[in-house]
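Shown next, in structure tokens, is the structure this report addresses.
Here, each number is a calculation from the coordinates, and none is a lab measurement. Here the structure is a predicted model, which means the values were calculated and not measured. Because the Cβ atoms are built from the backbone with ideal geometry, glycine has one as well, and the counts that use them run over all protein chains shown.
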Amino acid sequence: MKELYIVKTPYVFNGIDSKVGKPLFAVVGVPLDSTSSFRPGCRFAPLHIRLASQSLELFSLRSLVNIEDVPIVDLGDVVIPHGDLLRTLSIIENVFSELIGNGLRTIAIGGEHTSTLGIMKGVVKALGSDVCYLCFDSHSDFRYEYLGSKINHACVNRRMYELLGSGKINLVGIRAMSYEEYRDLKSLSIKYFTSTHIKNLGFREVSRNIVKSLEGCSKVYLSIDLDVLDPAYAPAVTTPEPEGITPTELLNILQMVVDKRVVGLDVVEVAPHYEHSMISSAVAAKIINEVIGMIYVSTTAST
Ligand SMILES: [Mn+2]
């Protein structure tokens, strides 16, 4: 089915198509850009992040993995019928359930955060609902509804809670929410760590807490809204939010919490036209490669 809904793109991620055996990772662009409430434009992120990836070194000093040796295939972009959000989400769900059902770990390049809802429905369809959700974001995205709609970037984590249940939701780097979201996060016992927790407690302490929280999880889905970073490091996002963490803090945490249980990753909300320097796309591409290295080293360690 995926052949019907994926189109080839001008660049492949990292500029290489892996020739090494059966792919373990599938890169898919998801240029969804339908509900952005502030700055639209993240439909262009898959193109720019792939372009920025061409210049990266592919040996990771964190995981000591040479990404060139990892079996990765870049399939292209999901075809988005802009303006028809429900059909779009159902296409995303079908594409990702097929890929994940075939044993691939998916790397989704968003697109707005709403993409994650379609992807997670695909994950649940393929693997069942015994999946924990680990989300790095500046916003809690936990509104019950926003501007009269229940399906948009501001409600995505609320829908995730409804899909998976409270014990499986972990939000990290949060620093922007409405009073109602705060009240609901507390009353529903959703685990969250703010950017101030990370700054004050340090990445090790927060990572230990995340590891503990993921202890009972057999599978983990990882969603990274790039606005979790401070706008100084990632200015080209749809909704920049001050007081964020650094790329090093993010990668340090990921290095302590990512292992082979991670079945998929997305990096969302980059809107590349709000910068001229390409730094947001570059850091997004770097994060993707580092996470691939972390998962890969964990996969190979036990075999
Ligand atoms: Mn978000």
Hey, N289 surrounded by fewer than 16 Cβ atoms within 10 Å (Cβ to Cβ), assigned to a helix (DSSP H, G or I) and of a type outside the set (D, E, K, R) or not: no
Top-ranked residue in segment 213-263 [being part of a helix (DSSP H, G or I) and closer than 25 Å to N152 by Cβ; ranked as nearest to the chain's Cα centre (by Cα)]: L226
Per-region count, segment 166-211, residues of a type in the set (G, A, S), assigned to a helix (DSSP H, G or I) and crowded, with 18+ Cβ neighbours inside 10 Å: 2
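Looking at segment 49-58, can you tell me whether even one residue there is touching a residue at least 24 places away in the same chain (Cβ under 8 Å) and within 16 Å of the chain's Cα centre (by Cα)? Steps first, answer last, please.
Here is the first cut: in segment 49-58, the ones touching a residue at least 24 places away in the same chain (Cβ under 8 Å) are 49-56, 58.
Pick out the ones that are also within 16 Å of the chain's Cα centre (by Cα) and you get 49-50.
Yes: one or more hits.
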Boolean, V124 is buried (at least 18 other Cβ atoms within 10 Å of the Cβ), more than 16 Å from the ligand (Cβ to nearest atom) and hydrophobic (A, V, I, L, M, F, W, C): yes
Whichever residue in segment 223-242 is farther than 16 Å from F44 by Cα and among the hydroxyl-bearing types (S, T, Y) and, among such residues, is surrounded by the fewest Cβ atoms within 10 Å (Cβ to Cβ): Y233
Selection from segment 51-71 of residues that are closer than 13 Å to Y11 by Cβ, part of a loop (DSSP other than H, G, I, E, B) and not hydroxyl-bearing (S, T, Y): Q54, L56
